[in-house]
Amino acid sequence: MKRPFVKDQPKHGDQVLTCGHEERQGQHFWKCPGMVAAGPDGPVPVDWLTACDACALAATYNPHKIAWVNLATWQGDKPEVKTWP
């Protein structure tokens, strides 16, 4: 039996702060309504925090303990993350 995909995850055009390891498998997402980050041209509203599995595990899945280093725009709407059974 296949695990279902998480319904609530970044969508095309969402602003995300990442741990800088976007190429790694096993991304974790935290929705953060109302958050603002410092962008190159001033404040940028951020929709999501995204971290690779290694960074999330090292921080015991606490987003306050992760070093957020990359402000990016999410590209595409392909489901990437599956729910745990």
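Scanning segment 23-66 for residues that are touching a residue at least 24 places away in the same chain (Cβ under 8 Å), surrounded by 13 or more Cβ atoms within 10 Å (Cβ to Cβ), on the phi < 0 side of the Ramachandran plot and not in a strand (DSSP E or B) gives ARG24, GLN27, CYS52, ASP53, ALA54, CYS55, ALA56, PRO63, ILE66. Can you pull out every residue in segment 1-22 that is modelled with pLDDT under 85, assigned to a loop (DSSP other than H, G, I, E, B) and among the hydrophobic types (A, V, I, L, M, F, W, C)? Correct list: MET1, VAL6.
The values are calculated or read from the model by the stated rules, or taken from the named source; none is laboratory data. Model, not experiment: these values are computed from the prediction. Cβ coordinates were reconstructed from backbone atoms using ideal geometry, including for glycine residues, and neighbour counts include every protein chain displayed.
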